[in-house]
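Notes for the one structure printed next.
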Amino acid sequence: MNRIITLDEFIIHRQKDFPFASGELTGLLRDIGVAAKIVNREVNKAGLVNILGSAGGDNATGDEVQKLDLYANEKLIECLKNSGECCGVASEEFEDFIPIPAVASKASKYVVVFDPLDGSSNIDVNVSVGTIFGIYRRKSNADGPCTLEDFLQKGSELVAAGYVLYGTSTILVYSTGRGVNGFTLDPSIGEFCLSHRDIQIPNRGNYYSVNQGYYLKFDVEMRRYIDHCSDMNLRLRYIGSMVSDIHRILLQGGIFLYPQTRKYPQGKLRLVYECNPLSFIVEQAGGKAMTCQLQRVLDLEVTHLHQRATIAMGSPDMIDEMKAFVEKYSALPTFN
Ligand code: AHG
Ligand code: MN
Ligand code: MN
């Protein structure tokens, strides 16, 4: 049997790849691993305790907040606060970022952005949900509290990013810019163990993932591309939790799309804590991520914490193909 490598062991080992590493990033990743275990425990018993359902309100982007959204949010903040490895967080669930005071006057140089629970409309029906996170080096002066500019950095500035998928098993996937690795939670020992080493996305795949229910609300170029996916006999898979849909594509190849619709003219998904961290992972695995207007996601200017973006990401050859459709059909006069 292969020797088990735990997430903590792997992270510490990788720290040696960064010559001036202070251990802070290592500590942060470990904190996120601990929060993921706590959230996982609660997600797993969601039907048994009074934690299902709506918390009775909307969040900063107008989505209905579920109790587990708030629980996951709280646990992540708690874990990040306690260790003092980060000086601020921004979450889907808060309008503004939250500065974290230094612990034992240790000035931290990182901020963390996250979507505590992604796909939360799936919780009540026992379908996979996830957590998405991104880590930036702060831009503001280390002597004072963090500032908004620390969070409004382009995705290309990410130091690390990842996600946790609470699925048939729970897996944490992350990258610090040197490839992508996945760790499956072994519930018998309570540890994330290396299970997917150096994930490489296939150049093409058999899956496309889009909310086909909005087909008539998409622009013509996107409709033509979706028609093409169907003509090619690709399999449509759409879970409605971006983490789950991207995880499939990362491992098996394919394309994920969330274009603009009339309801969401800028796209629905949020750039800072959904699109950028997952684009970072997809690119690190050899894939591509662009907007449906064909800009690289990681190069987008960030002006607002809850900014939205359209997105197409996945296998590189399929993204190139989608790009060719957009170029061809958006150049034609439309009669729709
Ligand atoms: P969240 O639960 O964090 O608000 O995210 C839900 C997102 C994303 O995960 C998913 O891909 C998308 O919303 C689904 O939206 P539609 O129901 O409009 O397809
Ligand atoms: Mn989400
Ligand atoms: Mn969410």
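The values are calculated or read from the model by the stated rules, or taken from the named source; none is laboratory data. Because the structure is a prediction, the values reported are computed rather than measured. With ideal geometry, Cβ positions are generated from the backbone for all residues, glycine too; neighbour counts draw on all protein chains shown. Surface accessibility is based on the protein's heavy atoms, side chains included, excluding ligands, DNA and RNA. Shrake-Rupley method; radii C 1.70, N 1.55, O 1.52, S 1.80 Å.
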Heavy-atom accessible area per residue - region 187-251, 1.4 Å, Å²: 50 Å²
Cut-off under 5 Å, modelled amide H: who pairs with Glu191 long-range: Asp186
Ignoring ligands and nucleic acids, Arg178 exposes an accessible area, probe 1.4 Å, in Å² to the nearest 10, of 120 Å²
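Semi-axes of the equivalent ellipsoid for region 111-157, please: Cα gyration tensor eigenvalues, times 5, square-rooted, ordered largest first, whole Å.
Working: eigenvalues 193, 21, 10 Å².
For region 111-157, the ellipsoid semi-axes come out as 31, 10, 7 Å.
Keeping the other protein chains in place, figure out the carbon and sulfur percent of the accessible area of region 207-329, with a 1.4 Å probe. Walk me through the numbers on the way to the answer.
Values: 2100 of 4610 Å².
Carbon plus sulfur share of accessible area: 46 percent.
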Suppose every Lys and Arg Cβ carries +1 and every Asp and Glu Cβ carries -1, with no other charges. What dipole size does region 207-329 come out with about its Cα centre, to the nearest 20 debye? 440 debye
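Could you give the dipole magnitude of region 7-196 about its Cα centre, charging the beta-carbon of Lys and Arg +1 and that of Asp and Glu -1, in debye to the nearest 20? Each step should come with its number before you reach the end.
Working: 16 positive and 26 negative charges, 143 e Å.
Charge dipole, region 7-196, about its Cα centre: 680 debye, nearest 20.
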For a bin width of 10 Å, list the pair-distance distribution of region 207-329 built from all Cα-Cα distances, rounded to whole %. 14, 51, 32, 2
Report His196's accessible area, 1.4 Å probe, all protein chains in place, as a number in Å² to the nearest 10. 60 Å²
Taking amide H positions as placed 1.01 Å from N in the peptide plane, with prolines and chain starts having none, which residues 5 or more places from Ala160, or on another chain, fall under 5 Å of its amide H? Ile135
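Express in nm, to one decimal, how much length is gained between Lys217 and Gln266 on full extension, taking 0.36 nm for each residue of separation and deducting their alpha carbon distance. Before the final figure, lay out each step's value.
On the way: separation 49, 0.36 × 49 = 17.64 nm, distance 1.31 nm.
Fully extending the segment from Lys217 to Gln266 adds 16.3 nm.
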So how much accessible area does Phe325 have, in Å² to the nearest 10, using a 1.4 Å probe? 40 Å²
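Relative contact order (percent) for the chain, with alpha-carbon contacts under 8 angstrom and 6 or more residues of separation?
Numbers: 703 pairs, mean separation 50.7, N = 336.
With pairs under 8 Å counted, the relative contact order is 15 percent.
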In whole angstrom, the spacing between the Cα centers of region 286-319 and region 171-234 equals 14 Å
How are the C-alpha pair distances of region 171-237 spread across 10 Å bins, as whole percents from the shortest bin up? 17, 29, 22, 25, 7, 0
Taking θ = phi - 60°, what integer Hz values does the Karplus form 6.51 cos²θ - 1.76 cosθ + 1.60 yield along region 182-191, in sequence order, with x for Gly and Pro? x, 10, 8, 6, 8, x, 5, 10, x, 10
Counting C-alpha atoms alone, how compact is region 135-259: give Rg to one decimal and Dmax as a whole number, in angstrom. 18.3, 58
From the mean inverse distance of alpha carbon pairs (Kirkwood) and the Cα radius of gyration, derive Rg over Rh for region 7-196. 0.96
Please find the FRET efficiency linking Ile98 to Tyr329, where r is the Cβ-Cβ separation and R0 is fixed at 45 Å, and quote it to the nearest 0.05. 0.55
Per the 1/(1 + (r/R0)^6) rule, R0 = 35 Å and r from the Cβ atoms of Ser169 and Met232, FRET efficiency to 0.05 is 0.70
Starting at 0 and stepping by 20 Å, how many percent of the alpha carbon pairs of the chain end up in each bin? 32, 59, 9, 0
Diffing region 314-319: the Karplus 3J(HN,Hα) column from phi (6.51, -1.76, 1.60, θ = phi - 60°), in whole Hz with x for Gly and Pro, holds x, 4, x, 5, 6, 5
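Please compute the per residue accessible area over region 263-336 with all protein chains in place, 1.4 Å probe, rounded to a whole number of Å².
Numbers: 3040 Å² over 74 residues.
On a per-residue basis, 41 Å².
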